[in-house]
Amino acid sequence: MKCVAGYIQRKSMLYVTGVEYGDYTMNHVLGCAHGCKYPCYAYLMKKRFGQVTSYEDWLKPYLVGNTLELLDKEIPRLKDRIQSVQLCFTTDPFMYQYDEVCKMSLAAIRKLNDCGVKCTVLTKGLLPVELAGLSKANEYGITLVSIDETYRERMEPNAATIKDRLAALKVLHDCGRNTWVSVEPYPTPNLIEQDIDVILNSISFVDKIIFGRTNYSKEVSGYEDNKAFYNACANQVIEFCNEHGIAYHIKEGTQT
Ligand code: SF4
């Protein structure tokens, strides 16, 4: 297990988000040890606004120490307006090997659920089995853009392995919980040659699949056939989901 770099205090925790799933979000960590090289949008934004100085700085997570106190204050005011809280938008709630982060995320989800607020979780770490004991309304997701472990190591250097990530998700599915997979940012063939059907077959047990293109990479925008490629992949995702009775969502701008 690894320790967070330190604790910080914030003035607020729950805020409205513009993402296509989850109307509210919470980010109770500054930084993310997973260090994705897609590149990570959250890192780019935090760097632009001066909250982190470098990639190395981003890899050292600071936990918001007053997270639960803030939730105690904000939940009563907001609970009737919230459809679901997404954990997280600018960090990872189950950061691999960061026990303090995982414990805080579990406590936060428990607190939100106790007040009738649903949570939608997305991680590149390991979803803990304790989530199976929380609200049945919650949705638990992992990101999976390749099943090639060499690509995972290159692009998500400090995240959990694909095998372990999938196994943790399957445990929650087998416990009767809602599970989903974010296949985003999906790489173009100049980054990795792979068959999307192999990925889809590995997640055929989930309730929902979200598919989205890579947006912030020069390599992808420089890939000449990227529009045709993403259109074809999106069609494969839709066909697969229809065949298997899986809900799906194709992210904006992926199909053109
Ligand atoms: S897991 Fe998410 S927040 Fe963390 S580095 Fe990767 S893309 Fe960024």
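The values are calculated or read from the model by the stated rules, or taken from the named source; none is laboratory data. Predicted, not measured: the structure shown is a model, and the values here were computed from it. Methodologically, a virtual Cβ is constructed for each residue, glycine included, from the backbone with ideal geometry; neighbour enumeration extends over all protein chains shown. Accessible surface areas use protein heavy atoms only, side chains included; no ligands, DNA or RNA. Shrake-Rupley method; radii C 1.70, N 1.55, O 1.52, S 1.80 Å.
Given the whole protein assembly as supplied and a 1.4 Å probe, what does the accessible area of Ile147 come to in Å², nearest 10?
Counting only protein heavy atoms, Ile147 exposes about 70 Å² to solvent.
If you average 1/r over all unlike Cα pairs in the stretch 159-256 and invert the result, what Kirkwood radius do you get in angstrom?
Kirkwood hydrodynamic radius for the stretch 159-256: 14.2 Å.
Just name one of Gly176, Leu126, Thr188: the one whose Cα is farthest towards the positive end of the charge dipole of the stretch 99-189 (beta-carbon charges, Lys/Arg +1, Asp/Glu -1).
Going by the Cα projections, it comes out as Gly176.
Can you tell me the equivalent ellipsoid semi-axes for the stretch 45-193? Use √(5λ) from the Cα gyration tensor, largest first, whole Å.
On the way: eigenvalues 142, 87, 37 Å².
Each semi-axis is the square root of five times an eigenvalue, giving 27, 21, 14 Å.
To the nearest 10 square angstrom, what accessible area does Glu252 show with a 1.4 Å probe?
Around 150 Å² of this residue is reachable by solvent.
Mind checking the dipole of the chain: about its Cα centre, +1 per Lys or Arg Cβ, -1 per Asp or Glu Cβ, Debye to the nearest 20? It would help to have the intermediate numbers written out before the result.
Numbers: 29 positive and 31 negative charges, 200 e Å.
The dipole magnitude comes to about 960 debye.
DSSP beta bridges in the stretch 6-186, what fraction antiparallel, as a percent rounded to 5?
Of the beta bridges lying entirely in the stretch 6-186, close to 25 percent run antiparallel.
Among Val117, Tyr96, Ile246, whose Cα projects farthest towards the positive end of the dipole of the chain, with charges put on the beta-carbon of Lys, Arg (+1) and Asp, Glu (-1)?
Val117
In the chain, if the dipole is taken from +1 on Lys/Arg beta carbons and -1 on Asp/Glu beta carbons about the Cα centre, which of Thr214, Tyr15, Leu106 is farthest to the positive end?
Tyr15
Between Arg110, Arg77, Arg177, find the one with the highest GNM mean-square fluctuation for the chain; connect C-alpha pairs within less than 10 Å.
Arg77
Run a plain Debye calculation on the stretch 36-100 (Cα atoms as equal point scatterers, no solvent) and give log10 I(q)/I(0) at q = 0.18 Å⁻¹, rounded to two decimals, same order as the q list.
The calculated log intensity ratios at q = 0.18 Å⁻¹ are -0.87.
Is the C-alpha gyration tensor of the stretch 4-75 telling us rounded, prolate or oblate? Criteria: a/c under 1.5 is rounded; beyond that, a/b larger than b/c is prolate, otherwise oblate. Spell out each step's value before the answer.
Working: a/c = 2.26, a/b = 1.32, b/c = 1.72.
Taking the square roots of the gyration eigenvalues as a ≥ b ≥ c, the stretch 4-75 is oblate.
Tell me, what is the 1.4 Å probe accessible area of Leu68, in Å² to the nearest 10?
Approximately 50 Å² for this residue.
Relative to the compact-globule scaling 2.2 N^0.38 Å, provide the ratio for the alpha-carbon radius of gyration of the chain.
0.98
Using only the Cα atoms of the stretch 1-129, build the gyration tensor, take square roots of its eigenvalues as a ≥ b ≥ c, and label the shape rounded, prolate or oblate: rounded if a/c is under 1.5, else prolate if a/b is larger than b/c, else oblate.
Working: a/c = 1.62, a/b = 1.46, b/c = 1.11.
Prolate shape, in that a/c is at least 1.5 and a/b is the bigger ratio.
Mind checking which aspartates and glutamates have their Cα closer than 19 Å to the Cα of Lys2? Skip sequence neighbours fewer than 8 apart in that chain.
Glu56, Asp57, Asp92, Asp99, Glu100, Glu153, Glu156, Asp164
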